[in-house]
1. Taking interchain pairs and intrachain pairs at least six residues apart, which have beta carbon atoms under 9 angstrom, with the first residue in region 52-74 and in contact (Cβ under 8 Å) with a residue 40 or more places away in the chain and the second among the charged types (D, E, K, R) and outside any loop (DSSP other than H, G, I, E, B)?
2. Which count do you get for residues in region 142-158 that are surrounded by fewer than 21 Cβ atoms within 10 Å (Cβ to Cβ) and not acidic (D, E)?
3. Consider region 95-145. How many of its residues are hydroxyl-bearing (S, T, Y), out of contact with any helix residue (DSSP H, G or I) (no Cβ under 7 Å at 6 or more places or on another chain) and within 21 Å of S161 (Cβ to Cβ)?
4. Please work out which residue is farthest from the chain's Cα centre (by Cα), limiting yourself to region 103-133 and to residues that are among the β-branched types (V, I, T) and surrounded by 21 or more Cβ atoms within 10 Å (Cβ to Cβ).
5. Out of S123, S128, S110, which single residue is touching a residue at least 24 places away in the same chain (Cβ under 8 Å), within 17 Å of A76 (Cβ to Cβ), polar (S, T, N, Q) and part of a loop (DSSP other than H, G, I, E, B)?
6. Among the residues of region 64-91, what is the count of those that are farther than 18 Å from S126 by Cβ and of a type in the set (A, V, I, L, M, F, W, C)?
7. Answer yes or no as to whether P72 is assigned to a loop (DSSP other than H, G, I, E, B) and buried (at least 22 other Cβ atoms within 10 Å of the Cβ).
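The values are calculated or read from the model by the stated rules, or taken from the named source; none is laboratory data. Please read these numbers as outputs of a predicted model, since none were measured by experiment. Reconstructed Cβ throughout: ideal geometry from the backbone, glycine too, with neighbour counts over all protein chains shown.
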Amino acid sequence: MSDESSRYRIGGNAILELLLGDITQQETDAIVNAANSGLLGGGGVDGAIHRAAGPTLLAECRKVRELRGPLPPGEAVATGGGALKVKYVIHTVGPIWQGGQANEANILESCYRTSLQEAHRLSCSSISFPSVSTGVYGYPVEAAAEVALRTVVHELPNFPSVRLARFLLFDQRTRDAYARAARELAETLADLEVDQQ
């Protein structure tokens, strides 16, 4: 990667990557779907993942919903990857932005933490995240990037099977916001440093 801020080392062991691209093309063990509570597909990342994964993903999501009902914001649940190149899709429901006064940051933090927890439970060594809640849910990208990266950096050591956390960011504006947030975190956290490889 030519941009040094694309790759960071966490605590000397795990890797954090920031990439511009399409999450449906990833070959990590798991990808995270920014789902809605119904788990039946939708727009944005959710719709793209369902289209790429094919009908088996929707069938699995229907079974999950029948068993546990709607997925509450901040929680995560895994299904198989369908026709994708990944083993698992981890579905999480982000907060709808309401001006920052409705516990949005804590819910968003929980999305990333519970997704990592699911990945660890499934013995995944790698996971790809989108920018949860920054599409139709309206969470400001700069604020979301700070919450996402801070949470992953702090939580990753608690889930030692996961050695690579990758953010697949849909457009350059989002990628730039995450790169700025990562640089700022690296300046303040001793356990996050630019990986020079």
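1. G74/E109; G74/R113
2. Restricting attention to region 142-158, the residues satisfying the condition of being surrounded by fewer than 21 Cβ atoms within 10 Å (Cβ to Cβ) are 142-143, 146, 150-151, 154-155, 157-158.
Next, from what is left, pick out any that are not acidic (D, E): 143, 150-151, 154, 157-158.
Residues flagged as surrounded by fewer than 21 Cβ atoms within 10 Å (Cβ to Cβ) and not acidic (D, E) within region 142-158 amount to 6.
3. First, pick out the residues of region 95-145 that are hydroxyl-bearing (S, T, Y): 110, 112, 114-115, 123, 125-126, 128, 131, 133-134, 137, 139.
Next, only the ones that are out of contact with any helix residue (DSSP H, G or I) (no Cβ under 7 Å at 6 or more places or on another chain) stay: 110, 114-115, 123, 125-126, 137.
Cutting the leftovers down to within 21 Å of S161 (Cβ to Cβ) gives us 110, 114-115, 123, 125-126.
So the count comes out to 6.
4. So the first thing to find is which residues in region 103-133 are among the β-branched types (V, I, T), and the list is 107, 114, 127, 132.
Pick out the ones that are also surrounded by 21 or more Cβ atoms within 10 Å (Cβ to Cβ) and you get 107, 127, 132.
On the way: I107: 13, I127: 8, V132: 6 Å.
This residue is I107.
5. Working: S128 fails: part of a loop (DSSP other than H, G, I, E, B); S110 fails: part of a loop (DSSP other than H, G, I, E, B).
S123 is the lone residue from the list that is touching a residue at least 24 places away in the same chain (Cβ under 8 Å), within 17 Å of A76 (Cβ to Cβ), polar (S, T, N, Q) and part of a loop (DSSP other than H, G, I, E, B).
6. 5
7. On the way: assigned to a loop (DSSP other than H, G, I, E, B): yes; buried (at least 22 other Cβ atoms within 10 Å of the Cβ): no.
So P72 does not fit the description; no.
Yes/no per residue for (1) in a loop (DSSP other than H, G, I, E, B); (2) touching a Cys at 6+ places or on another chain (Cβ under 7 Å); (3) of a type in the set (S, T, N, Q); (4) at pLDDT 95 or above:
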residue	(1), (2), (3), (4)
T114	no, no, yes, yes
R150	no, no, no, yes
F167	no, no, no, yes
E193	no, no, no, no
Q196	yes, no, yes, no
